[in-house]
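The values are calculated or read from the model by the stated rules, or taken from the named source; none is laboratory data. None of the values given here were measured: they were computed from a predicted structure. Reconstructed Cβ throughout: ideal geometry from the backbone, glycine too, with neighbour counts over all protein chains shown.
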Amino acid sequence: MTQPGERSTPAAANAGEAGTVRVPLAPPLAEVPLPAPNATSLLTRNASEFGDRPALHFGERSWTHRELLTEAERFAALFRDRLDPDRPPHVGLLLDNTPDYVFALCGAALLGAAVAGLNQTRLGEHLAHDITHTDVQLVITEPRHESQLRQAAEGLALPRGVLVSDRFADDGDPPTSGASLEEALACAPAAHVGKDDADVDTLWALLFTSGTSAAPKAVRCTQRRLLTTGNRMATMLELGPEDVGYSAMPLYHTNSLMSGLAPALVAGASLSLARRFSASGFLPDVRRYHATWFNYTGKVLVYLLATPERPDDAENSLRVAFGNEGSPQVVVAAAARFGMRIIDVFGSTEGAIALDRTGNRPPGSIGRLRQGIMVVDDNGTEAPRASFDGDGRLTNADRCVGEIVNTLGVGPFEGYYRNDEAMRRTTRRGWYWSGDLGYVDDDGWVYFAGRTTDWLRVDGENFPGAPIEAIIGRHPDVLLVSVFGVPAPDSGDEVMAALVLRDGALFDGATFGAWLDDQADLSPKWRPTFVRVCPTLPTTPTNKILTRTLVHEKFRFDRIGADSLYRRVRGSTAFERFTGDDEAALRGHFAANGREAAWDL
């Protein structure tokens, strides 16, 4: 039975295919009113209605909406001149957050082409794979990434080569050695390129998933999705032409594209860009640009709170922030300190899971179940509700934790590009399988429990790492924490925690062990065996912790560098320093049990 706010409508059921599904609350893309018929119409409208208002800020420079359209037309002319019409019209962008990224993206839209946002942390064969997998013909980069691209592209078939932009290079950047983007733009035949009647379902962007626990996948995003998402975001954030966004998260990621650039274009507002996120540079940038909203992901709020507090922190122009992965206490503290409203949501690049965040949401919950959203086991059977003991400890993690799915279809997700295996896995049974773990309390509130690859198995008990991270994160000296499984020398896993401590804090194994034992909601099997104290944790450019890197490094000194390791053996109350002799003895135990392969992973 259809509930209020729901409707039975057609929605994309697979990459490029249509099916009939019932979508809760948020209607499918095909039925969402568009702010403009297509991207060309939107950019043309902005140039006409808001022509002299700023559209983009970078450093000390600004561009109006009229100037943005002019730059976009130059890039569209370049792409029309360069791209092979018999191949997919795809352009790769290996750029920081510079105006060229926005100009190229908008230029691609005018031509009906698509951009593949390339991740600067991907190197060698991995970057080469991303380029070939997305059928890129031409790559635009800048001097600081030119060497990296040259190494990755050696032997690749790039039909239209590489263009290098030094227009926004910093003083410390290396000199350019490749073909100049500026010269190519100047040589492209000038003509009106925009397609006012272009199909709004034309592919506009290929966005790679974060790849924190597995290889990234390229998500298809049409003009329709960017326009409708931009419209929703502009409405949610109450944006108008006078608003100014601030994006320090990379534009090749869904967070900045969907909640930074897209709503700015739809609202006729302006967007200020930072090459990279800097906690110390955040407030000066906000005040320089008079930013009224910003987007974030990962641990950005934690990094902001870790900066020295000043009495004037709340004296800024910010009104609202939008992002995800903020813990309740961090969101509350950041909102109070910087004087803004923070909308922290559960989300993914695919965008197919929507939870209800209205009402009296309990601490730690990511939202309440909506119709069709369930937590299920591998067979698709709904997991039992979470149960807790008198001290609030989760007592049935091995049964109540499951994968969060949308049983009604895939929502706005338009599929993965050239990845049939991932599509089959993600859309099996006609559902959308998020790859995210969660559990549900008796009132229907959902709690995030990590990724499907984040399961640990200790003494025959299965449980996720995210609830342990939430508990350890309460320690007053812990700034960041990642919990993951490392192989035990006999069988199964042991719990390991990687910590970044607050400035000036020192790790004391006895005190930390006693603190853990005092946490009523920390099951004995959840207690870490190993603790690694690090100056930083490996992260994606969007500040999501790369758990797979930590899992690979585990407790091996040849992989962790100068970081300190501690171990608590069974029966002990304290963590003791783990030494090279301890490592050699542990390796011997692995060998004695025939587990050399687990050691070498």
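Residue count for the range 99-124 satisfying the condition of being surrounded by fewer than 21 Cβ atoms within 10 Å (Cβ to Cβ) and either in a strand (DSSP E or B) or β-branched (Val, Ile, Thr) (or both): 1. Kindly indicate whether any position in the range 141-152 is closer than 16 Å to Glu182 by Cβ and touching a Leu at 6+ places or on another chain (Cβ under 6 Å). Checked the range 141-152: at least one residue is closer than 16 Å to Glu182 by Cβ and touching a Leu at 6+ places or on another chain (Cβ under 6 Å).
Rundown of residues vs (1) out of contact with any Ser or Thr (no Cβ under 8 Å at 6 or more places or on another chain); (2) surrounded by fewer than 16 Cβ atoms within 10 Å (Cβ to Cβ); (3) over 22 Å from Thr536 (Cα atoms); (4) not assigned by TED's automatic domain parsing to the domain that holds Cys534, yes/no style:
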| site | (1), (2), (3), (4) |
| --- | --- |
| His552 | yes, yes, no, no |
| Arg556 | yes, yes, no, no |
| Ala562 | yes, yes, no, no |
| Thr573 | yes, yes, yes, no |
| Phe578 | yes, no, no, no |
| Ala585 | yes, yes, yes, no |
| Ala591 | yes, yes, yes, no |
| Glu596 | yes, yes, yes, no |
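Of the strands (runs of 3 or more DSSP E) lying entirely inside the range 43-94, those containing at least 1 residues that are closer than 20 Å to Gly260 by Cβ and in contact with a Pro (Cβ under 8 Å, 6 or more places away or on another chain) are 54-58, 61-64. Of everything listed in (1) among the small types (Gly, Ala, Ser); (2) in a loop (DSSP other than H, G, I, E, B); (3) loosely packed, with under 15 Cβ neighbours inside 10 Å, the single unmet condition for Ala336 is (2). Quick check: is even one residue across the range 159-176 surrounded by 15 or more Cβ atoms within 10 Å (Cβ to Cβ), within 23 Å of the chain's Cα centre (by Cα) and at pLDDT 90 or above? No: the range 159-176 contains no residue that is surrounded by 15 or more Cβ atoms within 10 Å (Cβ to Cβ), within 23 Å of the chain's Cα centre (by Cα) and at pLDDT 90 or above.
The number of residues in the range 482-503 that are touching a strand residue (DSSP E or B) at 6+ places or on another chain (Cβ under 8 Å) and either within 17 Å of Val533 (Cβ to Cβ) or among the charged types (D, E, K, R) (or both) comes to 14.
When Arg424 is tested against (1) within 21 Å of Thr254 (Cβ to Cβ); (2) over 21 Å from the mean Cα position of the chain (by Cα), exactly one condition is not met: (1). List pairs: first in the range 490-517 and outside the structural domain of Arg556 (by TED's automatic domain parsing), second exposed (fewer than 14 other Cβ atoms within 10 Å of the Cβ) and not in a helix (DSSP H, G or I), Cβ under 6 Å, 6+ apart or cross-chain? Qualifying pairs under 6 Å: none.
Restricted to the range 460-470, and to residues that are farther than 15 Å from Lys299 by Cα and either of a type in the set (Asp, Glu) or buried (at least 19 other Cβ atoms within 10 Å of the Cβ) (or both), which residue is farthest from the chain's Cα centre (by Cα)?
Looking at residues that are farther than 15 Å from Lys299 by Cα and either of a type in the set (Asp, Glu) or buried (at least 19 other Cβ atoms within 10 Å of the Cβ) (or both), I get Glu461.
Looking at the range 564-592 only, could you name the residues that are farther than 19 Å from Val495 by Cβ and not in a helix (DSSP H, G or I)? Residue satisfying the conditions is Thr579 alone. Between Ala422, Ala449, the distinction of being outside the structural domain of Leu506 (by TED's automatic domain parsing), under 23 Å from Thr547 (Cβ atoms), modelled with pLDDT of 85 or more and in contact with a Phe, Trp or Tyr (Cβ under 9 Å, 6 or more places away or on another chain) belongs to Ala422 only.
Among the residues of this structure, Leu127 counts as one that is in the same structural domain as Leu265 (by TED's automatic domain parsing) and modelled with pLDDT under 95.
Listed here are the residues, each with its yes/no results for (1) at pLDDT 95 or above; (2) farther than 17 Å from Glu242 by Cα; (3) in contact with a His (Cβ under 7 Å, 6 or more places away or on another chain).
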| site | (1), (2), (3) |
| --- | --- |
| Arg287 | yes, no, no |
| Gly298 | no, yes, no |
| Leu301 | no, yes, no |
| Asp312 | yes, yes, no |
| Ser317 | yes, no, yes |
| Gly323 | no, yes, no |
| Phe338 | yes, yes, no |
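Taking every residue in the range 171-192 that is over 13 Å from Arg82 (Cβ atoms) and pairing it with any residue that is assigned to a loop (DSSP other than H, G, I, E, B) and acidic (Asp, Glu), at least 6 positions away or on another chain, the pairs with Cβ-Cβ distances below 7 Å are Thr176/Asp166. Can we say Thr381 is touching an Asp or Glu at 6+ places or on another chain (Cβ under 7 Å) and either of a type in the set (S, T, N, Q) or in the same structural domain as Thr407 (by TED's automatic domain parsing) (or both)? Judged against the criteria, Thr381 is not a match. Scanning the range 57-98 for residues that are under 19 Å from Pro241 (Cα atoms) and buried (at least 22 other Cβ atoms within 10 Å of the Cβ) returns His57, His65, Leu68, Leu69.
A search for C-beta distances below 6 Å between a residue of the range 570-581 that is within 14 Å of Val531 (Cα to Cα) and any residue that is part of a loop (DSSP other than H, G, I, E, B), counting only pairs 6+ apart in sequence or on different chains, returns Phe575/Arg568. Checked against the criterion of being touching a residue at least 40 places away in the same chain (Cβ under 8 Å) and among the aliphatic types (A, V, I, L, M), the candidates Ala274, Ala314, Ala333, Ala262 yield just one match: Ala274.
Quick one: which of Arg276, Arg319, Arg220 is buried (at least 18 other Cβ atoms within 10 Å of the Cβ) and among the charged types (D, E, K, R)? The match here is Arg220. The condition of being closer than 30 Å to Ile140 by Cα and either surrounded by fewer than 18 Cβ atoms within 10 Å (Cβ to Cβ) or acidic (Asp, Glu) (or both) holds for only one of Gly281, Gly240, that being Gly281. Quick check, is Ala184 closer than 26 Å to Thr549 by Cα, small (Gly, Ala, Ser) and touching a Leu at 6+ places or on another chain (Cβ under 9 Å)? Criteria not met by Ala184.
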